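Computed from the coordinates by the stated procedures, all read-outs in this text should not be read as laboratory data. Because the structure is a prediction, the values reported are computed rather than measured. Quick reminder, even Gly has a Cβ in these numbers, built from the backbone with ideal geometry, and neighbours come from all protein chains shown.
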């Protein structure tokens, strides 16, 4: 396996693992639960939190979105790597 193939294979595997995480109901529930808890805290205590407290909650909610976006980017990169790997390999159907 040449270095480019090794890198592409790693990207494909990372993409597969990221897809499995995004499709995992337990992780989806964890993301939703944490986000909901932050939003509930913000709604219940908006006046008492002050600007710094509200900003901290906003950053925490944004961090959840960034983690999801990173996993989605890994999935896209993995799909591209899989396509590139397929183009590097000869088509098995042409061989007799």
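Points worth noting:
- Yes/no for residue 71 being assigned to a helix (DSSP H, G or I) and surrounded by 14 or more Cβ atoms within 10 Å (Cβ to Cβ): yes
- Looking across segment 51-66, just one residue is over 30 Å from residue 22 (Cβ atoms) and surrounded by 11 or more Cβ atoms within 10 Å (Cβ to Cβ), and that is 53.
- For segment 2-15, the set of residues classified as surrounded by fewer than 16 Cβ atoms within 10 Å (Cβ to Cβ) and closer than 17 Å to residue 78 by Cβ consists of 4, 5, 6, 7, 9, 10, 13, listed by residue number.
- Single unsatisfied condition, residue 30 versus (1) under 16 Å from residue 75 (Cα atoms); (2) surrounded by 12 or more Cβ atoms within 10 Å (Cβ to Cβ): (1)
- Against the numbered list (1) in contact with a helix residue (DSSP H, G or I) (Cβ under 7 Å, 6 or more places away or on another chain); (2) surrounded by 14 or more Cβ atoms within 10 Å (Cβ to Cβ); (3) free of Cβ contacts under 8 Å to residues at least 12 places away in the same chain, residue 81 comes up short only at (3).
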